[in-house]
């Protein structure tokens with residue numbers, strides 16, 4: 001059974017992941033919050049590959065919506081074997097103005113929602129006989145980014161959840177995470193700043209020559225985690241072009 005639900009599967013990394021999974025033989029359910037047109041484009045691309053696909057609108061911070069999302073994906077696809085949690089927020093929270101509301105929102109989007117959806121999908125993943133969860137972590141969980149404390153804290157909580165869920169959901173479901181580096185330029189980041197970042201990444205020249213190289217690397221790693229030995233669980237695969245290996 002190759003049936004996947006991808007959160008934020010209509011844009012950016014989620015889109016690349018969804019299309020790579022469809023190419024690898026997965027039927028796909030694409031969760032989106034806004035922009036149904038973009039979600040429908042991914043569905044059409046999956047259909048062109050001969051895959052079953054559906055776009056499902058859901059607000060991931062609405063806890064009541066998550067069981068419905070998991071059930072709808074499983075019903076349309078005829079089961080669910082893979083959950084890819086690609087949705088995330090990345091909001092600037094300067095320390096001088098940081099408040100509890102910002103912390104609560106960052107945790108709701110980047111930690112609580114992924115964990116809650118994984119738990120909601122657990123019965124379907126377990127029933128597939130090869131259930132897998134792949135989360136997108138963050139380098140900020142290891143070393144907090146300046147100006148992004150709320151995001152960094154929430155991603156650190158998500159990293160803890162990867163290990164905890166891997167232990168709690170075994171042996172029926174594996175849980176792993178990918179830790180991306182600079183793989184896709186944020187929409188609000190000037191090109192000049194992005195280029196300076198790529199200059200300090202050992203393999204940054206690959207991204208400079210081909211802006212889609214980083215996204216494909218993430219997508220290919222998801223495909224690997226969807227079919228590798230089930231002995232691989234509770235693991236973090238860093239995909240950052242060697243950034244954290246540099247001095």
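Side notes on the structure shown:
- Considering 189, 119, the condition of being in a helix (DSSP H, G or I) and on the phi < 0 side of the Ramachandran plot is satisfied by 119 alone.
- Verdict on residue 206 being farther than 24 Å from residue 16 by Cα, touching a helix residue (DSSP H, G or I) at 6+ places or on another chain (Cβ under 7 Å) and without any contact (Cβ under 8 Å) to a residue 60 or more places away in the chain: no
- The number of residues in region 216-247 being out of contact with any strand residue (DSSP E or B) (no Cβ under 9 Å at 6 or more places or on another chain), over 20 Å from residue 131 (Cα atoms) and at pLDDT 95 or above comes to 1.
- Qualifying residue in region 167-178 (condition: under 18 Å from the mean Cα position of the chain (by Cα), in a helix (DSSP H, G or I) and surrounded by 20 or more Cβ atoms within 10 Å (Cβ to Cβ)): no
- For region 122-141, the candidate set comprises residues that are outside any strand (DSSP E or B) and in contact (Cβ under 8 Å) with a residue 60 or more places away in the chain; within that set, the residue that is surrounded by the fewest Cβ atoms within 10 Å (Cβ to Cβ) is 129.
- Among the candidates 77, 82, residue that is surrounded by 17 or more Cβ atoms within 10 Å (Cβ to Cβ) and within 16 Å of the chain's Cα centre (by Cα): 82
- Subset of region 55-74 [in a loop (DSSP other than H, G, I, E, B) and surrounded by 15 or more Cβ atoms within 10 Å (Cβ to Cβ)]: 58, 60, 61
- Reported count of residues in region 33-54, each being in contact with a helix residue (DSSP H, G or I) (Cβ under 8 Å, 6 or more places away or on another chain) and in a helix (DSSP H, G or I), is 4.
- In region 229-244, the condition of being more than 23 Å from residue 80 (Cβ to Cβ) and part of a helix (DSSP H, G or I) is met by at least one residue.
- Hey, residue 184 touching a helix residue (DSSP H, G or I) at 6+ places or on another chain (Cβ under 9 Å), part of a loop (DSSP other than H, G, I, E, B) and modelled with pLDDT under 95 or not: yes
- Considering region 11-32, and only residues there that are without any contact (Cβ under 8 Å) to a residue 40 or more places away in the chain and assigned to a loop (DSSP other than H, G, I, E, B), the residue that is nearest to residue 224 (Cα to Cα) turns out to be 25.
The values are calculated or read from the model by the stated rules, or taken from the named source; none is laboratory data. This structure is a prediction, so every number in the text was calculated from the model and none was measured. Counting neighbours? That spans all protein chains shown, and the Cβs are built from the backbone with ideal geometry, glycine included.
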